[in-house]
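The values are calculated or read from the model by the stated rules, or taken from the named source; none is laboratory data. Quick caveat, the model's predicted, so the values are computed rather than measured. Backbone-built Cβ (ideal geometry, glycine too); neighbour counts: all protein chains shown.
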Amino acid sequence: MQQNGGADMMTQSALTSVLREVRTTAAFYEQAARRFGRASAFAELAQDERRHERLVLALLKTYRIAAPKPPPPLPLPKTLPEALQQSVRLEKHTVAECDHYLRFLKAREIVDLFGAIRVSARELHLPRLQKKLGTDSPSHLSPAQVHRLDQKLNKRR
């Protein structure tokens, strides 16, 4: 069943879910930048997430899908290493979420945007965060880790 200007329910779910994801991550980075300063890289990462947010919002408008209200902010860890670890988990979750939706999305502009968000998270954000953290862990989560993080994030929405 088509709704909201031609977007099916799966497309609507994908767009609103990824919007919540980038908003959650952007808000977390903005909090971290205020606490840990500009040298922490969080301010630049927040700007990138806000750019993704604007692009997703533009697609929601194109498809006449109502944007959900922003989710409540995640709690900010007390230390920079903990904040970096949480950031790595958020970026890995973004990659996993984009991977999930890219399996069934058809609209070229949505596929392109989700692909760009995925590349940004996996190839730019994760390496930068891992370098600051002093790790070189793989940039993927196990299905169980994705499920646990998804449950935690959904409780905050």
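In region 101-112, what residues are surrounded by 17 or more Cβ atoms within 10 Å (Cβ to Cβ) and either touching a His at 6+ places or on another chain (Cβ under 8 Å) or of a type in the set (Val, Ile, Thr) (or both)? Of everything in region 101-112, just one residue is surrounded by 17 or more Cβ atoms within 10 Å (Cβ to Cβ) and either touching a His at 6+ places or on another chain (Cβ under 8 Å) or of a type in the set (Val, Ile, Thr) (or both), namely Ile110. Considering region 71-100, the residues that are within 15 Å of the chain's Cα centre (by Cα) and among the charged types (D, E, K, R) include one that is surrounded by the fewest Cβ atoms within 10 Å (Cβ to Cβ), namely Asp99.
State yes or no: is Arg108 at pLDDT 95 or above and more than 19 Å from Arg23 (Cβ to Cβ)? When the stated conditions are applied, Arg108 passes them. When Ala43, Ala116 are screened for being modelled with pLDDT of 95 or more and either in a loop (DSSP other than H, G, I, E, B) or over 13 Å from Leu15 (Cα atoms) (or both), only Ala116 passes.
You will find that of Ile110, Ile117, the residue that is in contact with a Cys (Cβ under 7 Å, 6 or more places away or on another chain), among the β-branched types (Val, Ile, Thr) and at negative phi is Ile117 and no other. Test of understanding: among His93, His100, which residue is of a type outside the set (D, E, K, R) and in contact (Cβ under 8 Å) with a residue 12 or more places away in the chain? Exactly one residue qualifies, and that residue is His93.
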